[in-house]
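Report on the following structure.
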Amino acid sequence: MQTKERTYYICDICGSSYYTEEQCLLCESKPKTHDKGVRVGDVVKVTAGDGSGKFAQVTDVGVCDKEYGHYQWEKYWHTVYLHAKLIDDVGSRMLLFDSYDVWDGS
């Protein structure tokens with residue numbers, strides 16, 4: 001039996017893995033964008049799509065890799081996204097920067 005080891009390079013921003021250091025460095029050269037400073041537990045107001053006008057509590061914050069939205073190659077690469085549970089309603093949403101507003105509690 002033979003074994004073979006393979007080295008992968010992992011982007012420090014989005015966690016994507018690459019076969020070469022050059023590919024990984026290219027990924028890391030893209031800045032993180034549209035970070036509104038929202039954290040897990042914060043409440044946001046949904047402004048577009050399902051649940052528009054409702055409030056939602058953030059359950060996860062992440063960063064899109066270059067493969068997000070394959071039909072729009074690289075448009076959202078390293079864009080911050082949220083997963084949020086709708087308050088007083090069923091379901092949850094994945095929210096990008098243009099589908100929620102930060103709620104200040106007033």
Looking only at region 68-88, how many residues end up being closer than 15 Å to V58 by Cβ and either out of contact with any His (no Cβ under 9 Å at 6 or more places or on another chain) or without any contact (Cβ under 8 Å) to a residue 24 or more places away in the chain (or both)?
7
Does D60 satisfy the condition of being touching a Leu at 6+ places or on another chain (Cβ under 9 Å), over 17 Å from G105 (Cβ atoms) and assigned to a strand (DSSP E or B)?
yes
Among the residues of region 63-87, write down those that are in contact with a strand residue (DSSP E or B) (Cβ under 7 Å, 6 or more places away or on another chain), surrounded by fewer than 19 Cβ atoms within 10 Å (Cβ to Cβ) and in a loop (DSSP other than H, G, I, E, B).
I87
Considering only residues that are among the charged types (D, E, K, R) and within 17 Å of the chain's Cα centre (by Cα), which ones fall in region 1-44?
D12, E28, K30, K32, D35, K36, R39, D42
Can you work out which of the residues in region 88-106 that are among the small types (G, A, S) and closer than 29 Å to K30 by Cβ is surrounded by the most Cβ atoms within 10 Å (Cβ to Cβ)?
S99
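Every read-out reported here was derived from the displayed coordinates using simple, explicitly stated rules and does not represent laboratory data. It should be emphasised that the depicted structure is a prediction, and the values quoted were computed from it without experimental measurement. Glycine also receives a Cβ, built like all others from the backbone with ideal geometry; neighbour counts cover every protein chain displayed.
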